[in-house]
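To keep things clear, I will list the structure first and then write my remarks on it.
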Amino acid sequence: MPSVVDLCNSALDKAGHGAITSLDDNTKAARLCSRNWPLVRDRVLRKHPWNFAVKRTNLAAHETAPDWGFTAKFPLPSDFLRLLEVRDLSTGEFQLENGFIHANATVLYIRYISRIEDPNVYDALFIDTVATRLAAELAEPLTQSTTKKKALLEEYDVFIDDAKRADAQENPPVVYEEDEWIKVRY
């Protein structure tokens, strides 16, 4: 089972640097990994609705309503990274603002990308992708090579495309209902 240190060491290998034993090591590499890992992880999680990171929940309205425009506001979950879907709105209108979803509803049902901190839950292709993205962030400060960073970013682009494609193929295709405007044109 991979740990955060294992993922960081994979990134350090790709960047051409030696391994660390802990994120608390008193080395430049460990400090860079410790500082960059959560940022890179969340950035790559936000890029795609990874099956392992999608959650569904219902949100109860906050005790105070927005000043105007909507009848209620709903606090986002603490692990929220990106909104994917809001269900069962009578008007279909909502607004994401400052840690809340504003809407005209009493309860909201949402699907969202969550912050997954346990690397044992990650898909194998996501692990390669996030390690490569982290390596790109570490390459220049550790090796002073912009060429290495550029090559790693190009590798990341290939990895993320492959990972997203494989992840998406595990779900059935989404069928969208045609609205009246489209139907009238035929």
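Given (1) farther than 24 Å from Trp50 by Cβ; (2) in contact (Cβ under 8 Å) with a residue 12 or more places away in the chain, where does Thr64 come up short, assuming only one miss?
So the condition that Thr64 fails would be (2).
Give the number of residues within segment 147-170 that are in contact with a helix residue (DSSP H, G or I) (Cβ under 7 Å, 6 or more places away or on another chain) and under 19 Å from Ser10 (Cα atoms).
The number of residues fulfilling the criteria is 10.
Take Tyr112 and decide whether it is in contact (Cβ under 8 Å) with a residue 40 or more places away in the chain and either basic (Lys, Arg) or more than 20 Å from Pro2 (Cβ to Cβ) (or both).
Working: in contact (Cβ under 8 Å) with a residue 40 or more places away in the chain: yes; either basic (Lys, Arg) or more than 20 Å from Pro2 (Cβ to Cβ) (or both): yes.
For Tyr112, the condition - in contact (Cβ under 8 Å) with a residue 40 or more places away in the chain and either basic (Lys, Arg) or more than 20 Å from Pro2 (Cβ to Cβ) (or both) - is met.
Could you tell me which numbered condition Glu85 fails, if it satisfies all but one of (1) surrounded by fewer than 16 Cβ atoms within 10 Å (Cβ to Cβ); (2) at pLDDT below 95; (3) over 16 Å from the mean Cα position of the chain (by Cα)?
Failed condition: (3).
Please state which of the following conditions Thr21 fails to meet, knowing it meets all the rest: (1) assigned to a helix (DSSP H, G or I); (2) in contact with a helix residue (DSSP H, G or I) (Cβ under 8 Å, 6 or more places away or on another chain).
(1)
The values are calculated or read from the model by the stated rules, or taken from the named source; none is laboratory data. Since this is a predicted model, take the numbers as computed values, not measurements. For neighbour counting, all protein chains shown are included, and Cβ atoms are generated from backbone atoms with ideal geometry for every residue, glycine included.
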